[in-house]
Amino acid sequence: MAVQASIKGRGGDHSAFQNDHREAFQADVLAGLSGKQKTLPCKYLYDEAGSKLFEAICELEDYYLTRTEADIFHSNLDSMAALLGPSAVLVEPGAGNCEKAEPLLTAMDTPHAFYPLDISPEILLNAQQRIQARLPDLTVTPVVGDFTCAQPWGEIPPSSHRKVIFFPGSTIGNFSPDKASTLLAQFRSYLSTGDGLLIGVDLVKDSVVLERAYADSDHVTERFNKNLLSRINSELDGNFDTEAFAHRAFYHPHRQRVEMHLVSLCDQKVQVAGQTFDFEEGETIHTENSHKYTRAGLEALLRESGFNPTQFWTDNKQHYAIYYAETL
Ligand code: AVJ
């Protein structure tokens, strides 16, 4: 069967996109390493190698999130599909390989269209072909772009059909509560009255369980974290010695988040893009936050962002939750 490989957004102008991307990466890295507390934005963890390592993390026994979310979806697909209703348009920011949307689209009553948004055109085209082959009557239109920007949302044509934003994977946890609220309000501004949001969130729980998920005994998360240094070495002419840094992940109960850091194991100097950065022994680079929510906290976040949570599903340990919320 012939599959139409249509793609919207920045996919057409790939090399210009790569160039912009490199410049932004360099500016963000140099700024992040210049602060008192050194930081690196977590979105840069997901280059090709990083995305593969993240997929490996999702398979780990210690990393309960992916497995638990998949179980909740699997057990409740029919009631979720019923809530989304017939002929809905599904939009997924940060869709990646679209593995979570596929069973949902299959359970839905004649979905009208699917718009996966992601920064990687290659992953989107693969997913489009796979889903289109399985659901030939559904129009799948990948949109390339950063979903925190206005650009990809502007690529989606207006439609009279009911729209639902699908945001699984606890991706919302990577945003501070303030930024999460801004992001959800941005989602809301794209929607109309009666449209919806289906969102997956990791819940606050025992810190031992949380810390094991981010400092796994197979050391895959360590490789995922250190891959950021290797990426800086190869893309920004850096000379990080990945052996001279240790992976550290801990739950901060007051901030309700797991923080991921890279700890310098000695006093050292590192060069990146012609600049020198000093590290003291024990000094860290803060590479990621993964915010956790209570049910009340998440419901408050949804309301302040313009949504009314109407349904929620969880697992028997209440480790993870999926919410359906309607626009207020
Ligand atoms: C992709 C943001 C949901 O925070 O659990 C996994 C990323 N970092 N292990 C998470 C991650 C370390 C993950 N999210």
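The values are calculated or read from the model by the stated rules, or taken from the named source; none is laboratory data. Just so you know, these numbers come straight off a predicted model, no measurement behind them. With ideal geometry, Cβ positions are generated from the backbone for all residues, glycine too; neighbour counts draw on all protein chains shown. To get the accessible areas, we keep the full protein, side chains included, count just its heavy atoms, and leave off ligands, DNA and RNA. Shrake-Rupley method; radii C 1.70, N 1.55, O 1.52, S 1.80 Å.
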TODO: Give Ala82, Ala107, Ala49, Ala95 a once-over and let me know the one that is out of contact with any helix residue (DSSP H, G or I) (no Cβ under 7 Å at 6 or more places or on another chain) and either within 30 Å of Asn227 (Cβ to Cβ) or away from the ligand (no atom under 16 Å from the Cβ) (or both).
DONE: Ala82
Open item on the list: I want to confirm something. Restricting to the stretch 52-63 and keeping residues that are part of a helix (DSSP H, G or I), near the ligand (Cβ under 10 Å from one of its atoms) and touching a residue at least 40 places away in the same chain (Cβ under 8 Å), which single residue is farthest from Ser230 (Cα to Cα)?
Closed with: Ile57
Task: Residue identified as over 20 Å from Asn289 (Cβ atoms) and either in contact with a Cys (Cβ under 6 Å, 6 or more places away or on another chain) or not β-branched (Val, Ile, Thr) (or both) among Leu117, Leu184 - done: Leu117
TODO: Would you check which residues across the stretch 254-279 are of a type in the set (Asp, Glu) and in a loop (DSSP other than H, G, I, E, B) and list them?
DONE: Asp267
Task: Subset tally (residues that are open to solvent by less than 50 Å² (accessible area, probe 1.4 Å), closer than 24 Å to Val220 by Cβ and either without any contact (Cβ under 8 Å) to a residue 12 or more places away in the chain or more than 15 Å from the ligand (Cβ to nearest atom) (or both)) for the stretch 253-269 - done: 2
Task: Failed condition for Asp118, given (1) more than 16 Å from the ligand (Cβ to nearest atom); (2) free of Cβ contacts under 8 Å to residues at least 60 places away in the same chain; (3) not β-branched (Val, Ile, Thr) - done: (1)
TODO: From the list Gly238, Gly173, Gly194, Gly200, pick out the single residue that is under 27 Å from Leu301 (Cβ atoms) and over 20 Å from the mean Cα position of the chain (by Cα).
DONE: Gly194
Open item on the list: Give all pairs with beta carbons closer than 8 Å in which a residue from the stretch 282-305 that is among the aromatic types (Phe, Trp, Tyr) meets a residue that is away from the ligand (no atom under 15 Å from the Cβ); count only pairs at least 6 apart in sequence or on separate chains.
Closed with: Tyr293/Leu301
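Tell me, please, whether a residue that is in contact with a His (Cβ under 6 Å, 6 or more places away or on another chain), among the small types (Gly, Ala, Ser) and in contact (Cβ under 8 Å) with a residue 40 or more places away in the chain can be found in the stretch 155-177.
Initial filter on the stretch 155-177 (in contact with a His (Cβ under 6 Å, 6 or more places away or on another chain)): 161, 173.
After this cut, where a residue has to be among the small types (Gly, Ala, Ser) as well, the list is 173.
Filter once more, keeping what is in contact (Cβ under 8 Å) with a residue 40 or more places away in the chain: 173.
Looking through the stretch 155-177, at least one residue is in contact with a His (Cβ under 6 Å, 6 or more places away or on another chain), among the small types (Gly, Ala, Ser) and in contact (Cβ under 8 Å) with a residue 40 or more places away in the chain.
Each row is one residue, and each column tells you yes or no for (1) in contact with a helix residue (DSSP H, G or I) (Cβ under 7 Å, 6 or more places away or on another chain); (2) among the polar types (S, T, N, Q).
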{"position": "Leu77", "(1), (2)": "yes, no"}
{"position": "Val89", "(1), (2)": "no, no"}
{"position": "Leu117", "(1), (2)": "yes, no"}
{"position": "Leu124", "(1), (2)": "no, no"}
{"position": "Trp153", "(1), (2)": "yes, no"}
{"position": "Ser170", "(1), (2)": "yes, yes"}
- [ ] Mind telling me which of the residues Gly282, Gly297 ends up being under 24 Å from Asp206 (Cβ atoms) and either open to solvent by 40 Å² or more (accessible area, probe 1.4 Å) or not in a loop (DSSP other than H, G, I, E, B) (or both)?
- [x] Gly297
